[in-house]
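First up is the structure itself, then whatever we jot down about it.
The numbers here are math on the coordinates, done by the rules we state, and not lab data. Note that the structure is predicted; figures quoted are calculated from it, not measured. As a convention, Cβ positions derive from the backbone with ideal geometry for all residues, glycine included, and neighbour counts pool all protein chains shown.
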Amino acid sequence: MKRWVYTFRSSDKELAALLGHEPTLDEMKAILGGKGAGLADMTRIGLPVPPGFTITTEACMAYIHAGFRFPEGMWEQTLEALREIENEAGQKFGDPENPLLVSVRSGAKFSMPGMMETILNVGLNDKTLPGLVRRGGDERFAWDAYRRLISMFGRTAMGIADEAFEHVLEELKRERGAREDTDLTTEDLKEVVTRFKEVYRKHIGQDFPQDPLEQLRLAVEAVFRSWMGKKAVDYRRAERIPDNLGTAVNVVMMVFGNMGWDSGTGVAFTRDPATGEKRFYGDYLLNAQGEDVVAGIRNTRPVAQMAEEMPEIYAQLVDIAGRLERHYRDMQDTEFTIERGELWMLQTRTGKRTARAAVRIAVEMVREGLITKEEAVMRITPKDVDTFLHPQFDENEVKKAKAEGRLLATGVNASPGAAVGMLAFDADTAEAWGQQGKPVIMIRPETKPDDVHGMIAAQGILTSRGGATAHAAVVARQFGKPAVVGARDLQIDLETRKVYVNGRVLEEGDYVSLDGAAGEVYEGRIPTTIPDYGKEVELRTLLEWADEIAAAPDVRQWPEDYEGYPTCGLQVWTNADYPRDARRAREYGAKGIGLCRTEHMFFEQERLPYVQEMILNAEAAQMLFDRRSRIQGLLSTGKEDGKPLDEKRRAELEADLEALEEEIATSPAVKAYQNALEKLLPNQRSDFYGLFEVMGGYPVIIRLIDPPLHEFLPSLADLLVEVTERRTRGETGPELLAKERMLEAVKKMHEANPMMGLRGIRLGIIYPDITKMQVRAIFEAACQAAKNGITVKPEVMIPLTGHVNELKVTQVELEEVAKQVMAEQGIEVEYKFGTMIEIPRAALTADEVATLAQFFSFGTNDLTQMTFGYSRDDAERRFLVQYVERGILTENPFQVLDRRGVGMLIQMGVRLGRKTRPDLEVGICGEHGGDPSSIEFCHLAGLNYVSCSPFRVPVARLAAAHAAIRHKGKVWSASFAEPTR
Ligand code: PEP
Ligand code: MG
């Protein structure tokens, strides 16, 4: 018979027998759910846990698949487990004298806070109530428990609307002149019970079930069904939790935190979940039940205060916290109840935390010897790192806002970060506005699980009630959304959709700014700034460990037939065009520049006229130069068409050459062309000098001009319109002439497919003076820097090579320029010449390409474009988004590298390239260089580095280490198709 039910006491042994080995925590969670696994685990290590049992997640799925029927044997096993806990508790389910009451709670493998159902006090009925009165010594308490059961059961198990019960309660409170629930007397509560039963009968058409087993059965079914509830399904979509895991049901002996002032209940983290500080952190309430803490209805107290109110219990809790951390080797989030001075642990799970706390906890746990550096690095996600790089408010602007009296309210700093948006008073509005691209701050008195879709859509979350462990706080932290909760000065009127705060009124749609770290709410918009990474000591430490892990010499294994030299894991370099970008990237830990797009500087205002002059005259000038080289070639070889030159022909050629030299010397085109190049040279030289200076000693890859030249000229359509308009106005004169000249030039350059046209290496072949000027600038800057004591490692990168012969004609010439400059300057620097691999043919013939190229850099933007045949400029707008939506492609290949296709070319390129040149340096500089999944692939493909924009460098460093850890010791494999999720 299949086992569907495990008691906390025996689950570990029974699971071990079932699995044939000690169950791992993950296996326990998969079967028993997170809560069940935690309870069983705590029982095993001797912590005070009330007796209980778990019905497995598998039972839930079997129930759902069978059309909402318990699988065979499950109910019998439940009854058997119930008997076991009766024995342990010394109480009996349904026994009027000494009744056992249980809670019935959901608990999936992954925590889904508040998403599924809980029913307390199951087993209570008209007959067992007196037994509870005796146990609690308090009639009021027992009736209170009974009315809670009826409403919770009615709502959860039977689907009666909340309001039905709330309405009755409010009505009675009004009749009795009571303000709070606590003002109601025992007699009042008896009346509540009577009226709740009526509500139940009215809605269900039957009496509230008095049979405890019937209650239990329906409660278990309610929990199972809640797995398919809308809010749970929505939550799973957002968190990418699979639908087929199911939830377990935990049936646990009730213990009561509301049995007087020596009882209480609380939630506590073993470390501060907002900052990561090592201190026991949480809230508690005396004489209260668990929901009272979480719902934020009563004002909770910080758990540290227990040290005075209940010193012994506090000491016991702190001791348990330490034991739990040593056991789980991670920060725990616990729930506990004290019944008449006796402590019971009701839950432990890995605590959710802010990114900042995650990093601090990970780093400190390494220092405490609890975890390894690898584990610490694996515990941080790329998303965590990202939040350190997100906008924060400018301090001065905050001061200014304060001075202007715009601070509206303060509350609990529940989740850090700065958020600016328009107030939306409910989740649906927040979601709708979010979809329209509006920034939203969702404002509610408190949030409920039903509000999650709005929270996901919002920039930030603001509530007027609740504390650090309220729903709004927990969920906001999890999604990395800034949140201020419990801002009590806000009076939120959901009807009129207005907030009243200290004499001011805000309406829906008004802008506010939230500082989630300070817990402050401001009127209007506050400008944001980038956080100071330099101050993030723990993150920097963690990322240094990430670098160490990736750089370990043994992270990669090579297949037998690999012909290159072994390399360690990935370094992270950056794509930077300007010294300021390079500086930021270095601060973020970049170990080189993998791509400087030199043409970006050409667009600067004072340079563009020279660039245009260069382009407009290049063709005419080059024609003359080409003619000259042809004659020079003939004269120097002494042959024409394979035949030796005779005297006459030689004299003719010499005369031609003389005339041509004269023509060149006086040609306005040549003059303009050379003048433009001369103007651009010092500019480029100082650009490069700046980069060498910042990168001191790290490699700097400078790519020669790449885009089609028309990109630097006005658009054909604009010019056509302008010239036509001027002509119709009857205009003449130099301006029109200049425009006409430009129009002619642009027309001449027009290409049907410029992306596949005269660009990249082709430009340098057709107009070599441009790239020669660039190489001269690079080497003049490098020599100058070297003379000034800066270590320089220039690497000249030629874009868009498709055939080795292209490199043959251009690279050799350019290397000559490099040597010439170094000779002129009287200093040698270490350098490399290499190419981008952006065309499939280059990857396929990489062995040939590597005969010249000393390094490869995969330009995966173009390589993706050329491999798929999708225009990188238009595809997303036209069809690619639909492709992804319809599942034709799983990801946008311009964001996440396509492993099967583009990846195959990369893999081939690396192998073939290193076959020719075993020490070939290989990197990637397309946008994929900053994407974690693509970085994982780059690790597998044996690259030396990934290069990405400065803001992505920290994430890339983490992703490189993750890849190194996940794939440690794995040989280059054929598993390239499947990214690790
Ligand atoms: C690339 O193609 O991937 C690349 C980095 O070059 P660009 O984006 O400048 O074409
Ligand atoms: Mg490119």
Everything considered on the Cα gyration tensor (a ≥ b ≥ c; rounded for a/c under 1.5, else prolate if a/b is larger than b/c, else oblate), the stretch 371-452 must be described as oblate
Taking the Cβ of each residue in Thr496, Thr845, Thr350 as the centre, tally the other Cβ atoms inside 10 Å and list the residues starting with the fewest. Thr496, Thr350, Thr845
Multiply the residue separation of Ala304 and Arg878 by 0.36 nm, subtract the distance between their alpha-carbon atoms, and state the gained length in nm to one decimal. 200.8 nm
Grab the beta carbon distance between Arg174 and Gln436, set R0 = 30 Å, and tell me the FRET efficiency rounded to 0.05. 0.10
Please compute the modelled spin-label separation between Arg966 and Ala161, points set 7 Å along Cα→Cβ, answer in nm with one decimal. 4.7
5 Å is the cut-off here: which amide hydrogens, built 1.01 Å from N in the peptide plane, fall below it relative to Cys948, excluding neighbours closer than 5 in sequence? Trp573, Thr574, Asn575
Around Leu653: net Lys/Arg minus Asp/Glu count, Cβ-Cβ under 14 Å: -1
Could you work out the relative contact order of the chain, using alpha carbon pairs under 8 angstrom and six or more residues apart, expressed as a whole percent? 9
Burial ranking of peptide ranges 380-387, 28-35, 684-691 (average Cβ count within 10 Å, highest at the top): 28-35, 684-691, 380-387
Let me check I've understood the local charge: for Met601, count other residues with C-beta under 15 angstrom from its C-beta, Lys and Arg +1, Asp and Glu -1. What total comes out? -2
Going by average Cβ density within 10 Å per residue, which order do the peptides 641-650, 18-27 take, highest to lowest? 18-27, 641-650
Stokes-Einstein D for the stretch 55-155 (20 °C, 1.002 mPa s, Kirkwood Rh from Cα pairs), in µm²/s, comes to 140
What is the gain in length, in nm to one decimal, between Leu681 and Arg580 on full extension, counting 0.36 nm per residue of separation less the C-alpha to C-alpha distance? 34.3 nm
Round to a whole angstrom and tell me the spacing of the C-alpha centers of the stretch 581-611 and the stretch 499-536. 35
Burial order of peptide ranges 921-932, 863-874 (average beta-carbon count within 10 Å, highest first): 921-932, 863-874
State, to one decimal in nm, how far the label point of Leu720 lies from the label point of Lys639, with both points 7 Å from Cα in the Cβ direction. 4.9
Could you compute the FRET efficiency for Glu658 and Glu735, with r as their C-beta to C-beta distance and R0 at 41 Å, rounded to 0.05? 0.55
Using only the Cα atoms of the stretch 144-265, what do you get for the radius of gyration and for Dmax, in Å? 17.1, 50
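If I take R0 = 45 Å and measure r between the Cβ atoms of Phe603 and Ala238 in this structure, what FRET efficiency does the formula 1/(1 + (r/R0)^6) give, to the nearest 0.05?
Computed FRET efficiency for Phe603 and Ala238: 0.65.
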Taking the Cα-to-Cβ direction at Glu563 and at Glu544 and moving 7 Å from each Cα, how far apart do the two end points lie in nm? 4.2
Give me the extension gain from Asp138 to Asp489: residue separation times 0.36 nm, minus the current Cα-Cα distance, reported in nm with one decimal. 122.7 nm
Taking 8 Å as the Cα distance limit and 6 or more residues as the minimum spacing, I'd like the relative contact order of the stretch 406-554 as a percentage. 30
When the C-alpha atoms of the chain are aligned to their principal axes, what extent does each axis show, in angstrom, from largest down? 130, 71, 53
To the nearest 10 degrees, how steeply does helix 608-637 sit against the main Cα axis of the chain, on a 0 to 90 scale? 50
For the stretch 754-760, Karplus-derived ³J(HN,Hα) couplings (6.51, -1.76, 1.60; θ = phi - 60°; whole Hz; x for glycine and proline) come out as x, 4, 10, x, 7, 8, x
Once phi is turned into ³J(HN,Hα) by the Karplus curve 6.51 cos²θ - 1.76 cosθ + 1.60 with θ = phi - 60°, what whole-Hz value does each residue of the stretch 955-968 show in order, with x for glycine and proline? 4, 5, 4, 5, 5, 5, 5, 4, 4, 4, 6, 4, 10, 4
Whole Å is fine, so just give me how far the alpha carbon centre of the stretch 342-409 lies from that of the stretch 715-761. 56
Run through the DSSP bridge list for the chain and note the antiparallel percent, rounded to the nearest 5. 60
With the charge dipole of the chain built from beta-carbon charges (+1 for Lys and Arg, -1 for Asp and Glu) about the Cα centre, the Cα from Thr54, Pro382, Cys925 projecting farthest to the positive end belongs to Thr54
List every residue whose amide H lies under 5 Å from the amide H of Phe858, counting only residues 5 or more places away in sequence or on a different chain, with H placed 1.01 Å from N in the peptide plane. Ile837, Gly923, Ile924, Cys925
Size of electric dipole in the chain: Cβ of Lys, Arg +1 and of Asp, Glu -1, about Cα centre, debye, nearest 20: 700
Calculated from DSSP helices alone, with each H run of at least 4 adding -39500 (n - 2.57) and the total divided by the residues of the chain, [θ]222 nm to the nearest 500 comes to -15000 deg cm²/dmol
Count charges around Thr7 for me, please; just the other residues with Cβ under 14 Å from its Cβ, Lys/Arg as +1, Asp/Glu as -1. -2
